[in-house]
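Peer 1: Would you mind keeping the following structure in view while I ask a few things?
The values are calculated or read from the model by the stated rules, or taken from the named source; none is laboratory data. Since the model is a prediction, treat every value here as computed from it, not as a measurement. Cβ placement follows ideal geometry from the backbone for every residue including glycine, while neighbour counts extend to all protein chains displayed.
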Amino acid sequence: MNPRLLTLVSVCLLSLLFAPRSARAAEGDNLQGEVLVDRVLVVVGESPITASQVSFESEVRGQIALSSQREQFGRLLNEAVEPLEALIFREILRRLPDARTIQIEDTDARNRLRLFEATFDDISAASSFRARWGMGRADLLEFFKESVILDEVVELAVRISVTEEEKRDYYERNRNRVFGEKPYLDVAEFVSQQVYLLKFEAAYNSWKSKLRAGASKRYIGR
């Protein structure tokens, strides 16, 4: 999330937390005895990641999980990782040179925003989500635009090729169980896709592990 959005999310949460008791009660709040502080959980480089950011990330991912087209939200927003770990890795990616130079059209980001809003019951529910986080549609669009950019950073960094030998080997290993003895030429396109995905995942996980290991990060609390 870019610095402006981080500020919006944190300020909004804090304003809700420290609102007069009567205002919170009107929202059905029951915070008696709670410590109302937005805690810093991790510092990546010099960038803090707070509890409110994790809450926002968790809620966004929960909504995306409701979409019938969740694959359209890209790799990073769909990865099966804890929200905090997702935020840490996106902050690491944000610091890579490509993240500062990639230029994209808004088309994919607008599509992600449209699909995200479609996960709510109606327009008012989507508006309520934005209001709770102190965000306009333009702010949410920027969030999804950055997600598109960081997905592109991954694609540029993890480059692989698939050889004919690898495809033939995959086919032979799965000839009976997966392909039911269909001729290789009949399933060659599917084989190529599967081998590419397997190789990409392996390369991506290795690259991701190295990035995380080399990043400056300090856990403050959970």
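Peer 1: May I ask you to verify whether ILE102 is out of contact with any strand residue (DSSP E or B) (no Cβ under 6 Å at 6 or more places or on another chain), of a type in the set (A, V, I, L, M, F, W, C), in the same structural domain as SER68 (by TED's automatic domain parsing) and modelled with pLDDT under 95?
Peer 2: So ILE102 fits the description; yes.
Peer 1: Output the helices (runs of 4 or more DSSP H) that fall wholly within region 118-195 and possess 2 or more residues being over 27 Å from ASP98 (Cα atoms) and in the same structural domain as LEU76 (by TED's automatic domain parsing), or say none.
Peer 2: The qualifying helices (runs of 4 or more DSSP H) are 123-132.
Peer 1: Considering only residues that are of a type in the set (Asp, Glu) and part of a helix (DSSP H, G or I), look in region 64-107 and name the one that is surrounded by the fewest Cβ atoms within 10 Å (Cβ to Cβ).
Peer 2: My answer is GLU71.
Peer 1: With respect to ARG61, determine if the residue is buried (at least 18 other Cβ atoms within 10 Å of the Cβ), farther than 14 Å from GLU146 by Cα, basic (Lys, Arg) and within 17 Å of the chain's Cα centre (by Cα). Before you say what the answer is, go through the steps one by one.
Peer 2: Numbers: buried (at least 18 other Cβ atoms within 10 Å of the Cβ): yes; farther than 14 Å from GLU146 by Cα: yes; basic (Lys, Arg): yes; within 17 Å of the chain's Cα centre (by Cα): yes.
It is true that ARG61 is buried (at least 18 other Cβ atoms within 10 Å of the Cβ), farther than 14 Å from GLU146 by Cα, basic (Lys, Arg) and within 17 Å of the chain's Cα centre (by Cα).
Peer 1: Okay, moving on. If you check TYR196, TYR219, which single one turns out to be at pLDDT 95 or above and either over 14 Å from ILE92 (Cα atoms) or touching a Ser or Thr at 6+ places or on another chain (Cβ under 9 Å) (or both)?
Peer 2: Values: TYR219 fails: at pLDDT 95 or above.
TYR196 is the lone residue from the list that is at pLDDT 95 or above and either over 14 Å from ILE92 (Cα atoms) or touching a Ser or Thr at 6+ places or on another chain (Cβ under 9 Å) (or both).
Peer 1: Additional query: Restricting the first residue to region 43-66 and requiring it to be of a type in the set (D, E, K, R), which pairs with a second residue that is modelled with pLDDT of 95 or more and outside any helix (DSSP H, G or I) meet a Cβ separation below 7 Å and a spacing of at least six or different chains?
Peer 2: Short answer, once both residue conditions are applied: ARG61/LEU77.
Peer 1: Scanning region 108-122 for residues that are surrounded by fewer than 17 Cβ atoms within 10 Å (Cβ to Cβ) and touching a residue at least 12 places away in the same chain (Cβ under 8 Å), which turns out nearest to GLN72 (Cα to Cα)?
Peer 2: Looking at the filtered set, the residue picked out is ASN111.
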